[in-house]
Amino acid sequence: MTDTSSRLLAIGELSRASGLTVSALRFYDRECVLVPAEVDPDTGYRRYSPGQVQQARLLAGMRRVGMPLAEMSAVLESLPDTEVAEDLLSAHLRRLEDGLTDARREVARLTGLLSGPRQEPLELVVDASALARAIDSVRYAASADPDFPMLCAVLVDPHPDGVRLVATDRYRLAVAEVEGAAAGHAEGRMSLLPTTLVDRLRRALWETWHEAGGGLRVQLRFSPHHFTAVLPGGVGSGSEEVVGETLGLDCPDYRRLLHDERAPEVTSMRIPVVDILAGLAELSQPRVHLGSAGVTTEPGDGVLVDRAFLWEAASTLGEGYAVLPTDGEIAPLALRGADGARLSLVMPVRPEPAP
């Protein structure tokens with residue numbers, strides 16, 4: 001009897017055993033992902049070892065779920081360390097789940113566009129002081145560039161537990177949560193409020209609080225093209241309405257910019273916001289480093305950021321901490337509020353080239 005346990009397999013045999021086409025196997029050979037055990041120098045025929053059948057089957061499965069080529073290669077290279085391979089597969093699964101969530105949200109938004117004026121308004125009741133704090137937490141990050149009108153605004157994103165405010169100018173991003181009681185919540189009902197309307201609302205909130213004191217509730221009403229905030233008046237006075245049109249523009253999906261909160265941060269360095277503010281108070285340079293040594297002007301670990309941007313983000317939070325990207329990671333600097341309801345991202349800047 002012939003021993004086939006160590007016999008090299010032709011490319012056609014490996015194709016039938018793994019489910020990968022012959023052309024796919026040739027592609028993975030060219031990309032150095034699955035290199036044959038032997039290539040005939042005269043004919044160019046590829047031969048594979050029996051042990052490569054499992055690798056080819058893994059490739060076939062990863063190919064079916066759309067895994068990037070670099071990560072497919074990393075999975076094979078990590079073997080026999082299955083823990084590393086499983087981590088890579090889990091990370092890809094999270095991306096797929098996030099992508100499905102994004103797709104559902106976009107379909108809901110498109111359905112809303114098809115409904116047009118027939119869509120019922122969405123109503124939400126929130127605490128007036130909480131809404132004012134949230135506006136203060138994000139307003140600084142809104143753009144003033146007329147070439148990007150969709151960024152000269154604050155995005156209002158209702159969700160089952162309340163509403164989320166978001167502003168960005170492409171260089172920083174600020175997010176704030178406000179708890180609220182929703183009546184008629186629906187996914188994909190985001191509204192883009194121009195900063196002029198947001199500023200009017202903020203002034204009205206201050207005046208209402210100044211006249212009537214705390215504990216006031218504000219009713220927010222969203223329709224496809226309009227926004228209304230109903231503020232209770234002071235003692236003996238009626239309610240006040242802040243009304244305006246929303247921007248009929250698409251805003252970039254801010255969720256893709258947020259750090260994955262499910263990812264462990266045990267290896268990330270955290271720096272208290274109060275320490276950042278104290279360090280910035282002693283510096284006037286336009287760019288500063290934030291790392292293990294705190295805020296400095298000397299290159300080192302951590303990230304290089306715009307000083308003014310970092311000051312605005314930190315001073316808006318007041319309390320909380322900054323999460324530095326892990327070593328070698330290219331990511332924004334994240335500053336999280338102590339209450340967990342506020343987040344600011346500051347994009348790093350490139351060091352100036354040496355003369």
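The values are calculated or read from the model by the stated rules, or taken from the named source; none is laboratory data. Keep in mind it's a predicted model, so treat the numbers as computed, not measured. Because the Cβ atoms are built from the backbone with ideal geometry, glycine has one as well, and the counts that use them run over all protein chains shown. For the accessible areas, the whole protein counts, side chains as well, though only heavy atoms, and no ligand, DNA or RNA atoms are used. Shrake-Rupley method; radii C 1.70, N 1.55, O 1.52, S 1.80 Å.
So the values come out like this:
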item: Verdict on L25 being of a type in the set (A, V, I, L, M, F, W, C) and more than 33 Å from the chain's Cα centre (by Cα); result: yes
item: Subset of the range 280-316 that is among the acidic types (D, E) and touching a residue at least 24 places away in the same chain (Cβ under 8 Å) - its residue that is farthest from A167 (Cα to Cα); result: D301
item: The range 25-77, subset among the small types (G, A, S) and not in a loop (DSSP other than H, G, I, E, B), residue surrounded by the most Cβ atoms within 10 Å (Cβ to Cβ); result: A56
item: Residues (at pLDDT below 90, under 15 Å from H289 (Cα atoms) and not β-branched (V, I, T)) located in the range 310-330; result: L324, P325, D327
item: Residue list for the range 317-342, filter: open to solvent by less than 40 Å² (accessible area, probe 1.4 Å) and touching a residue at least 60 places away in the same chain (Cβ under 8 Å); result: L317, V323, A331, P332, A334, L335, G337, A341
item: Test: residue in the range 152-161 that is farther than 30 Å from F309 by Cβ, at pLDDT below 85 and charged (D, E, K, R); result: no
item: The range 205-234 residues that are acidic (D, E), paired with ones that are at pLDDT 80 or above and not in a helix (DSSP H, G or I) (beta carbon under 9 Å, 6 or more apart); result: E207/L231; E207/E240
item: Leading residue by the ranking (surrounded by the most Cβ atoms within 10 Å (Cβ to Cβ)) among those in the range 11-24 that are assigned to a loop (DSSP other than H, G, I, E, B) and at pLDDT 90 or above; result: L20
item: Conditions (1) in contact with a strand residue (DSSP E or B) (Cβ under 6 Å, 6 or more places away or on another chain); (2) at pLDDT 90 or above; number of the one not met by L333; result: (2)
